[in-house]
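The values are calculated or read from the model by the stated rules, or taken from the named source; none is laboratory data. Just so it is clear, the structure is predicted and the values come from calculations on it, not from any experiment. As a convention, Cβ positions derive from the backbone with ideal geometry for all residues, glycine included, and neighbour counts pool all protein chains shown.
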Amino acid sequence: MGNIDQEGKKTKYKVQSVDRALQILTCFSLKKPELSLIEICDMTELPKPTVFRLLSALESAQFIERTTDKQRYSVGIRVFELGNIYLSNLSIEQILAPAMQRITREFNIACNLAILDDGQVMYIASTNTSSPFQYGPIIGYRHYIHCSALGKALVFDLADDEISAILEQRGMPALSPNTITQPAKYFENLKQSRKLGYAVDDQEGAIGIYCLAVPIRNQLGKVIAALSVSGPSPQYTEDIEKEIIQRLKDSAVEAQRQL
């Protein structure tokens, strides 16, 4: 009986260590790619000796690496490798790549693909234009649902209480003078977007940037991703906007057929 208890304690300890190691890894983001030991302790609320021990183990496995001055930490090569494995198996990105490239070539505008992850818009693919002005977010970049066309399209099918929970959790910060910061106005905007079948971000995330997005559905009709274009607001004439919306909708239909 004693041996069984000991084994149970060891298993529980190992699981706890894995949970804590994953907690440390999730501290890093595009906004905070490098962190000090103290910053990680503050973010995880774990004791310094525990964090140091786990960082050492993660560093040995190449999930974490130290900066050249040895004072800070960043994610290691193994995280990059696993991320690439995930993306290479994400069929939605492969299916939509040709359409995204066509849209970018035809309208000289950036095209973006994103999914909803933990209440945030997460970019999984993006194309660049030939213009000196570039607005192509980094793959893995996360954004709010309330001030992006992608965010609105991604929550098309969610119940209002689910969306409200996301807004409460993530907040509705004003990123520009055009940002919708009131839930009631957001739901009114979302209702109109659903009726049209596409969402608009009229300089809500950044002044000068205009975006259009459509939901991507699987064979069961469930929204699994969203496709958008983003670029300088003066680039969108009424006729061009209509053409782009149609291209986005056609691409979404074709993607659903292939999924």
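Remarks
- Just one of (1) farther than 14 Å from S126 by Cβ; (2) in the same structural domain as L212 (by TED's automatic domain parsing); (3) surrounded by fewer than 17 Cβ atoms within 10 Å (Cβ to Cβ) fails for A97. It is (1).
- The single condition among (1) surrounded by 14 or more Cβ atoms within 10 Å (Cβ to Cβ); (2) more than 28 Å from Y144 (Cα to Cα) that Q71 does not meet is (1).
- Test: residue in segment 205-220 that is part of a helix (DSSP H, G or I) and under 14 Å from A149 (Cα atoms): no
- Subset of segment 168-204 (residues that are more than 23 Å from E243 (Cβ to Cβ) and touching a residue at least 40 places away in the same chain (Cβ under 8 Å)): Q169, R170, Y186
- Residue match in segment 128-138 (condition: in a helix (DSSP H, G or I), in the same structural domain as G205 (by TED's automatic domain parsing) and not hydrophobic (A, V, I, L, M, F, W, C)): no
- Identity of the residue in segment 71-91, aliphatic (A, V, I, L, M), assigned to a helix (DSSP H, G or I) and in contact with a helix residue (DSSP H, G or I) (Cβ under 9 Å, 6 or more places away or on another chain), that ends up modelled with the highest pLDDT: V79
- Some residue of segment 179-195 being surrounded by fewer than 20 Cβ atoms within 10 Å (Cβ to Cβ), of a type outside the set (G, A, S) and touching a strand residue (DSSP E or B) at 6+ places or on another chain (Cβ under 8 Å): no
- The requirement of being out of contact with any Asp or Glu (no Cβ under 8 Å at 6 or more places or on another chain), assigned to a strand (DSSP E or B) and either outside the structural domain of F28 (by TED's automatic domain parsing) or closer than 27 Å to D239 by Cβ (or both) is fulfilled nowhere in segment 164-177; no residue meets it.
- Just one of (1) touching a residue at least 60 places away in the same chain (Cβ under 8 Å); (2) surrounded by 14 or more Cβ atoms within 10 Å (Cβ to Cβ) fails for S91. It is (2).
- Checking the stated criteria, P49 turns out not to satisfy the condition of being surrounded by fewer than 13 Cβ atoms within 10 Å (Cβ to Cβ) and assigned by TED's automatic domain parsing to the domain that holds A125.
- Residues of segment 55-86 satisfying the condition of being more than 21 Å from E39 (Cα to Cα) and in contact (Cβ under 8 Å) with a residue 12 or more places away in the chain: A61, I77, R78, G83
- Pick from segment 229-248, criterion in a strand (DSSP E or B) and touching a helix residue (DSSP H, G or I) at 6+ places or on another chain (Cβ under 9 Å), ranking: farthest from G151 (Cα to Cα): G231
- One residue stands out among those in segment 222-245 that are free of Cβ contacts under 8 Å to residues at least 24 places away in the same chain and not charged (D, E, K, R): the one that is nearest to Q120 (Cα to Cα), which is P234.
- Filtering segment 21-38 to residues that are more than 17 Å from R142 (Cα to Cα) and either among the aliphatic types (A, V, I, L, M) or in contact with a helix residue (DSSP H, G or I) (Cβ under 6 Å, 6 or more places away or on another chain) (or both) leaves A21, L22, Q23, I24, L35, L37, I38.
- Subset of segment 207-259 (residues that are farther than 23 Å from G119 by Cα and hydroxyl-bearing (S, T, Y)): S233, Y236, T237, S251
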